[in-house]
Amino acid sequence: MTVLAREAPETASEAQMSLPVLDEVLWEAWKAMKLPEGFHAEIVEGFIEVSPTGRSSHGMIINQLREHLVAYLAGSDHASFQEMNVMHGLTVWIPDLYIAPRDIASCVTPDGLGVEASAVALVAEMVSPGHRDRTRDRVRKRRDYARAGIPIYVIIDDYDELGTVTMLSDPRPDEARYAAEHRVPYGTSLTIPEGPAKDFVIGESITGPLRTRS
């Protein structure tokens, strides 16, 4: 659910003057929100979005990914994390999973509200059902994560054909895009090419096999 958004100014001069003020208002509104248990709020491309906790299939795949990463990253100076804010300026996300330094306290923002996006090596999102949710994970977060320069964005998508995993890399922050994209169906192995999870494989053991048509 989108609960608050900033309106785009009509002219360049209006943009220069008003967007920082509107972003601050949006930020203060986000900080003041009190949500019932099972919901969280993010700021994505100038919108505050409230989302429920993922359904069972969502949680099972993300937990499988995290369990595999825990073993893979054991003994390294990086770890996988969940349910923590990732911050970039006045933007805030709660990725389904991300990789950051194991000493996460060293990466916390000065206000203590989350982890600096500059410390994040990889984010992973499990696409949620619903048109708005799919657009957020596939399009809007894709642009936001690229703007933040996060090196790897993994999208696990039950709703793309019979299930796909997409890996985006080589972010271009000024263009809000990733220059490289690798997309495979469930049941096919995808290998992380760089960073602390280099050579880690996302495959059938994590996503399960290719879905069947109902």
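The values are calculated or read from the model by the stated rules, or taken from the named source; none is laboratory data. Predicted, not measured: the structure shown is a model, and the values here were computed from it. Cβ placement follows ideal geometry from the backbone for every residue including glycine, while neighbour counts extend to all protein chains displayed. Accessible surface areas use protein heavy atoms only, side chains included; no ligands, DNA or RNA. Shrake-Rupley method; radii C 1.70, N 1.55, O 1.52, S 1.80 Å.
For this structure, a couple of remarks:
- Across the chain, Cα pairs under 8 Å and at least six residues apart give a relative contact order of 14 percent.
- Computed over protein heavy atoms with a 1.4 Å probe, the accessible surface of the chain works out to 51 Å² per residue.
- Rounded percent of accessible protein surface that carbon and sulfur make up, the chain, 1.4 Å probe: 53 percent
- Counted residue by residue at 0.36 nm each, then reduced by the alpha carbon distance between them, the extension gain from Ser76 to Ser205 reaches 44.2 nm.
- Placing +1 on each Lys and Arg Cβ and -1 on each Asp and Glu Cβ, with no other charges, gives region 39-168 a dipole about its Cα centre of roughly 220 debye.
- Within region 109-148: Cβ-based charge dipole about Cα centre, in debye rounded to nearest 20 (Lys, Arg +1; Asp, Glu -1): 360 debye
- Folded to 0 to 90 degrees: helix 12-32 orientation relative to the chain principal axis, Cα: 70 degrees
- Degrees between helix 56-73 axis and first principal axis of the chain (Cα, 0 to 90, nearest 10): 80 degrees
- Two-site FRET efficiency, Ser106 against Lys198, from Cβ-Cβ distance with R₀ of 30 Å, rounded to 0.05: 0.85
- Label assignment, percent of Cα pairs over 21 Å apart derived from the structure, set [x] 58; [y] 65; [z] 55: [z]
- Between region 136-197 and region 104-130, the alpha-carbon center distance in angstrom: 16 Å
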